[in-house]
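Data block below; observations after.
The values are calculated or read from the model by the stated rules, or taken from the named source; none is laboratory data. Keep in mind that this is a model prediction, so the values were computed, not measured. So basically every Cβ, Gly included, is an ideal-geometry build from the backbone, and we count neighbours across all protein chains shown.
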Amino acid sequence: MSDSSPLPASDWPTLEPGWVWLCGAGPGDPGLLTLHALNALRQADVVVYDALVNEDILSWAPQATLEYAGKRGGKPSAKQRDISLRLVELARAGKRVLRLKGGDPFVFGRGGEEAQTLVQHGIPLRIIPGISAGIGGLAYAGIPVTHRDVNQSVVFVTGHDQTGNTPQAVNWQALAQGAQVLVIYMGMKHAGRIAAELMAAGRPAQEPCAVVCQATTPAQTVLETTLGHLERDITANALQPPAILCVGRAVLLRQVLDWQGMIAGQPARNLDPLNRGRPAELP
Ligand code: SAH
């Protein structure tokens, strides 16, 4: 698609001067951007973007000034309050401001905090959801976050809190007992501790786990392992963030649903990984 090709006919909103649109850019693959996001990129005077936003996407706003406001765990980065106040400043200067964040802005993205600051300062805003890495990233790995034969619920949880520690507010024991499938964001640093907490609360060491790094990008890698071997295998394979961890039997479905592997010519490994003794949808 060229930069100037029109959006499909619809009543697309106008990004007015003095407004901030807080927008998700999806997990990486530019094709996972929403049309609202593209509409915003076409109109913005300034795009304030995060570390996880794909550069190809930024090139779709050639008229805009690009401002990096990245925050990555452990690295020196802009303070959240400064980013929020910068958005206020740009809006007050009459700019059409696009705040572009990886995945979905309201999923572990501090988008709620930025939006609050904007509202508190009287700045008009629009929220544009995006595909979150915990859903879209796992889909690209061939792991459905829900499946009728596996789970009726899924928990999205962060492995970091504001201080960089495993979050005190998370009751891992309760999650171990209640969460059929766990999707863990920012879990790499404390993967060993998280796995230990889950096993101490009764999850089996053999429980399937996956680590999806740089999901939906050309550099995507997927590790299949078990809870007991999670930390060892992350270290042995020198895996680096960003990564989504998935804990639960949903991971087994990758044996039949690794569609990217199939596109690359590898046949499905196992047509019935849950041992149902029947194809999924037949009686
Ligand atoms: N708002 C984002 C999440 C931001 S928190 C969203 O909805 O996806 C940052 C964490 O998201 C990373 O540490 C990682 O756990 C996850 N993440 C984001 N993009 C990812 C990607 N392309 N591949 C794997 N994990 C990703």
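Residues of the stretch 115-137 being farther than 13 Å from residue 187 by Cβ, within 12 Å of the ligand (Cβ to nearest atom) and not in a loop (DSSP other than H, G, I, E, B), which ones? Step through it out loud before you land on a result.
First, the residues of the stretch 115-137 that are farther than 13 Å from residue 187 by Cβ: 115-132, 135-136.
Next, from what is left, pick out any that are within 12 Å of the ligand (Cβ to nearest atom): 129-132, 135-136.
135, 136 - these are the residues of the stretch 115-137 that are farther than 13 Å from residue 187 by Cβ, within 12 Å of the ligand (Cβ to nearest atom) and not in a loop (DSSP other than H, G, I, E, B).
Spot the failing condition for residue 243; the list is (1) in contact with a strand residue (DSSP E or B) (Cβ under 7 Å, 6 or more places away or on another chain); (2) more than 21 Å from residue 108 (Cα to Cα), and only one is missed.
(2)
For the stretch 162-220, name all the residues that are more than 30 Å from residue 80 (Cα to Cα) and either assigned to a loop (DSSP other than H, G, I, E, B) or assigned by TED's automatic domain parsing to the domain that holds residue 52 (or both).
Once the filter is applied, which keeps residues that are more than 30 Å from residue 80 (Cα to Cα) and either assigned to a loop (DSSP other than H, G, I, E, B) or assigned by TED's automatic domain parsing to the domain that holds residue 52 (or both), the stretch 162-220 yields 179, 180, 181, 201, 202, 203, 204, 205, 206, 207.
Of all the residues that make up the stretch 201-234, how many are free of Cβ contacts under 8 Å to residues at least 12 places away in the same chain and under 24 Å from residue 28 (Cα atoms)?
Qualifying residue count for the region: 2.
With respect to residue 24, is the statement that it is within 16 Å of the ligand (Cβ to nearest atom), under 20 Å from the mean Cα position of the chain (by Cα), modelled with pLDDT of 95 or more and at positive phi true? Please lay out each step first, then the result.
Values: within 16 Å of the ligand (Cβ to nearest atom): yes; under 20 Å from the mean Cα position of the chain (by Cα): yes; modelled with pLDDT of 95 or more: yes; at positive phi: no.
No, not satisfied.
May I ask you to verify whether residue 197 is touching a Phe, Trp or Tyr at 6+ places or on another chain (Cβ under 6 Å), in contact (Cβ under 8 Å) with a residue 24 or more places away in the chain and crowded, with 16+ Cβ neighbours inside 10 Å?
Values: touching a Phe, Trp or Tyr at 6+ places or on another chain (Cβ under 6 Å): yes; in contact (Cβ under 8 Å) with a residue 24 or more places away in the chain: yes; crowded, with 16+ Cβ neighbours inside 10 Å: yes.
It is true that residue 197 is touching a Phe, Trp or Tyr at 6+ places or on another chain (Cβ under 6 Å), in contact (Cβ under 8 Å) with a residue 24 or more places away in the chain and crowded, with 16+ Cβ neighbours inside 10 Å.
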